[in-house]
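Read through the structure below, which is laid out as structure tokens, and then see the notes.
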Amino acid sequence: MPIAKLVSTPIADRAQGDSVLELAFLVSAGDGHLADEELAAFGELVGAVRGHGATKEEVAELLGGFLMNAQTIRGEDRIRELGPTIPGELREVAFKVAVGLTMVDDEASEQEDQLIGILAATLGLAERSIPLTAHRPRARSVRRLIVRRGLPTGLWPDALFLRQTSRRSVFAA
């Protein structure tokens with residue numbers, strides 16, 4: 001399924017939706033850049049979160065605001081600031097979206113992996129078990145990070161499985 005399917009219904013509260021998107025941006029940009037694939041997937045996520053097709057201008061405005069924040073506060077600090085503001089019912093969605101966006105470019109990054117661990121802890125998901133099917137090096141990298149940090153490895157929120165379809169990463173639950 002396309003990455004936008006990780007958001008099953010639009011997020012009614014715009015500020016909460018923007019926070020979910022910013023967390024995904026922060027984790028995915030942890031390696032210092034967003035690949036073209038990540039930018040395209042981010043646009044799809046904006047549309048899914050907001051419940052309508054996002055325009056390029058809307059995505060650019062949102063990214064511009066996130067970049068302004070990133071210039072004044074470190075990514076991991078911003079994650080720790082935003083995480084507690086995410087309501088309980090959106091925490092798994094926020095985590096899946098953030099991890100999903102990092103996987104789109106098929107490039108593993110130690111910085112992204114560290115931010116995934118910080119995000120899981122900040123969202124209170126470190127107490128849950130997290131299974132990750134290792135279908136590719138990136139998934140194995142995230143799994144190693146989770147094990148290294150001592151997080152349980154039994155149940156990733158809604159069991160996130162990754163498979164490759166042509167050149168595009170897709171997710172199936």
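The numbers here are math on the coordinates, done by the rules we state, and not lab data. Note that the coordinates shown come from a computational prediction; the quantities given were computed from them, not determined experimentally. Cβ placement follows ideal geometry from the backbone for every residue including glycine, while neighbour counts extend to all protein chains displayed.
With +1 assigned to the C-beta of every Lys and Arg and -1 to the C-beta of every Asp and Glu, and no other charges, what is the dipole magnitude of region 1-74 about the Cα centre in debye, to the nearest 20? Don't skip to the answer; put the middle values down first.
Numbers: 5 positive and 11 negative charges, 39 e Å.
The calculation lands at about 180 debye.
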Mean-position separation - Cα centroids, region 51-105 and region 5-46, in angstrom
5 Å
Region 1-113 shape via C-alpha gyration tensor axes, a/c threshold 1.5
rounded
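Report the full-extension gain for the segment THR55 to GLN111: residue separation times 0.36 nm, less the Cα-Cα distance, to one decimal in nm.
Working: separation 56, 0.36 × 56 = 20.16 nm, distance 2.96 nm.
So the extension gain works out to 17.2 nm.
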